[in-house]
Structures are given as structure tokens and as C-alpha cells.
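Just below is one structure, and these are the notes that go with it.
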Amino acid sequence: MDIENYLKGWKKKVDNKLNEYLPSEEEYPPLLHKAMRYSVLAGGKRIRAILMITTYSLSGGNKFDEIMPFSSAIEFIHSYSLIHDDLPAMDNDDYRRGILSSHKKFGEDIAILAGDALFSHAFYIISHSDIRADLKEKTLQVLTKAIGNKGIIGGQIEDVVSDSNKKDPKLLRYIHSHKTASFFSAACEIGAVLAEATENKILASRKGGLLIGMAFQIQDDILDVEGKKEEMGKEVKKDKNKLTYPSVYGIDFSRKIARKYSMLALKQLSVLSVDNKIFEDLLNFLLGRRN
Ligand code: GRG
């Protein structure tokens, strides 16, 4: 199967599950549920969920229905991070996924609460899943580390206060590896944990995911410079005052660094299975993406 059909197929399955797990607008309180559904169901590539599922599959897992609560939880948390990232106090973005961002549609108060509710909903869904308790505990350890002070929030705070005039490569790596790549790493590691892979494979998934996340965020930086609003579904050239790969290394060298991370990721992930083609195609897709 080619990569576009692979991604399309899984995106559809993930979308269906997200829809099923989200509270309906008829349930009380309707405004909160409407705002939660608005942002999650607006689209999105579902790349973190698909990475989790792919790592699970290549690590030998085949009970896909059982693991859908985890891939859904990852996407709920991701949507939450986007809602909060778009707020005026953060990146102040009016558009996301081709439609008005949550605070523009519903107001800041509702957007903050919709994000908070998606965050708790992720853990509600995981805690009610039928996965064995020890595996659930392990995935929660991985996930909570990746999204907390040592992960996304740690990276986000440095991003928020960063200054593009200070071209500090070490700080730049910290921001990207925490704000974005830590979540990719967790998605892959969780896939391997749920497949009950060996410690060696779990470690390779963690490292491979981190490297994919770095390549992904560098491409995101490049798209902020080169991308088109219509393709991106949000404003571009928003990172002018931020510490990014293009601001430190220039566009061409940033592209080379993203390629390098992607090759290193493939090397790590080759530990999972003799046939690594799916990851190779996935990485090429991510580096060639226009949104
Ligand atoms: C604890 C989860 C959490 C968040 C609070 C606001 C915040 C702290 C962090 C923001 C982190 C952030 C938004 C990083 C950017 C990552 C990124 C490149 C997002 C775009 O991801 P895509 O392209 O989006 O996968 P789609 O729309 O396809 O899902």
C-alpha cells in the first residue's frame, strides 16, 4: 500500500474513534462539548496517533481495537495543546486547521476550558480502556512525562520567552525536542509498550520517535517561512521573532538537518522490524508535506 493510502486509511479510523469518544453536543454542558468537538474534528493529520499505531504494529502488536483509546488520547492532548498554543497569550493565531481557532470562534474563556476538558478527557478514556493494568501504568508514565514540565510544557515555556536575536543552538534543540519531539517520542514508545516489545525495542522506539519529532518540527519551521496560508490552514510567517532552525541555520541547512534527523530515526527504528519501508515512506512524506 502506498503511504498516502496508508495514512488516509488510519486517519479515517482514528477520526471515527475520536468522534465516538467525544461527548455529544446534546450532553450537558453543550457549549463545552461543542467547543471540544469543534477543534478535534476540524481535521488534522493524526500523525502522532498513526505513529503510535505503526510502532505498535511493527513491534508485533495486532489488537488494534484495544489500543485505539491510547491513540485517541494522544490526539485529544494534541488538540488541547493547539487550542492553548493559539491563544492570544501564546502564539495568538486566528486560524487553525483551516477554520477559526477556538478562541476566535467561542471566546478565550470557552477555548481555555475546552482545552482543559480535552486534557482530562484523554486520561478518562485511557483509564476506562481494557488494557492490562501494568501496561496502562507504563503508558501513563511515558505520556505524563512527555507532556509535562520535562516535556511539552517545558519546551513551550522556553519557546514563549525565546528571542530570535539570541541564536543559541543548544536552547533551540531544547525547545524543539521538548515542545514537539517529546510527544512524538512518547507516541512511538507507547506503541512499543502496548505491543509488549522487548526493552531494546522500546528504547529504539523512544529514540526513533524523538528524532522523527525533531525532523517534523524543523519542517514546520521551514513551512512557516515557505508555506502558503491556504495549504497550512493557518497564518504563516508567525515565527519571525522566535528561535527556529531557519533563523539560526538558514533554510537550506535546516533542510539538511531535518534529513539527517530523519535518517537517524530510520536507523533506530530498524531495530523493530526487518521491513522498515513504512517508516521510510512516512518520513519522506513528513519532510515533503505542505501542511
Ligand atoms: C501540555 C499538551 C500540553 C500543552 C500545553 C500550549 C502548549 C503547552 C504547548 C504547545 C506545543 C505545540 C503546539 C507545539 C507545536 C507542535 C506542532 C508542530 C503542531 C502542529 O502539529 P501537526 O502539524 O497538526 O501534526 P495537525 O493539525 O495536523 O494535527
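Meeting the requirement of 1 or more residues that are surrounded by 24 or more Cβ atoms within 10 Å (Cβ to Cβ), the helices (runs of 4 or more DSSP H) wholly within region 167-258 are 169-176, 182-194, 199-226, 245-249.
Applying a threshold of 7 Å to beta carbon distances and a minimum spacing of six or more residues, or different chains, the list of pairs starting in region 78-95 at a residue that is farther than 13 Å from Ile110 by Cα and ending at one that is within 6 Å of the ligand (Cβ to nearest atom) and of a type in the set (A, V, I, L, M) reads Ser81/Ile152. Looking only at residues that are of a type outside the set (S, T, N, Q) and more than 19 Å from Gly115 (Cβ to Cβ) in region 32-57, which one is farthest from the ligand (Cβ to nearest atom)? The residue in question is Tyr56. Yes or no: Ser79 within 13 Å of the ligand (Cβ to nearest atom), over 22 Å from Leu143 (Cα atoms) and crowded, with 20+ Cβ neighbours inside 10 Å? Judged against the criteria, Ser79 is not a match.
Testing Lys63 on (1) closer than 18 Å to Phe285 by Cβ; (2) open to solvent by 30 Å² or more (accessible area, probe 1.4 Å); (3) of a type in the set (D, E, K, R), one condition comes back false. Which one is that? Among (1) closer than 18 Å to Phe285 by Cβ; (2) open to solvent by 30 Å² or more (accessible area, probe 1.4 Å); (3) of a type in the set (D, E, K, R), the lone unmet condition for Lys63 is (1).
The set of residues in region 1-56 that are polar (S, T, N, Q), touching a Ser or Thr at 6+ places or on another chain (Cβ under 9 Å) and either farther than 20 Å from Asn284 by Cα or open to solvent by 50 Å² or more (accessible area, probe 1.4 Å) (or both) contains only Ser39.
Yes or no: region 139-158 includes at least one residue that is in contact (Cβ under 8 Å) with a residue 12 or more places away in the chain, open to solvent by 80 Å² or more (accessible area, probe 1.4 Å), more than 16 Å from the ligand (Cβ to nearest atom) and of a type in the set (D, E, K, R). Within region 139-158, none of the residues are in contact (Cβ under 8 Å) with a residue 12 or more places away in the chain, open to solvent by 80 Å² or more (accessible area, probe 1.4 Å), more than 16 Å from the ligand (Cβ to nearest atom) and of a type in the set (D, E, K, R). Under the condition of being part of a helix (DSSP H, G or I), over 10 Å from Tyr80 (Cα atoms) and open to solvent by less than 30 Å² (accessible area, probe 1.4 Å), the residues counted in region 103-120 number 1.
Within region 234-242, one or more residues are in contact with a strand residue (DSSP E or B) (Cβ under 8 Å, 6 or more places away or on another chain), within 16 Å of the ligand (Cβ to nearest atom) and over 19 Å from Phe279 (Cα atoms).
The values are calculated or read from the model by the stated rules, or taken from the named source; none is laboratory data. Keep in mind that this is a model prediction, so the values were computed, not measured. Positions of Cβ are generated from backbone atoms using ideal geometry, with glycine treated the same way; all protein chains shown enter the neighbour counts. The area values use the complete protein model at the heavy-atom level, side chains included, leaving out ligands, DNA and RNA. Shrake-Rupley method; radii C 1.70, N 1.55, O 1.52, S 1.80 Å.
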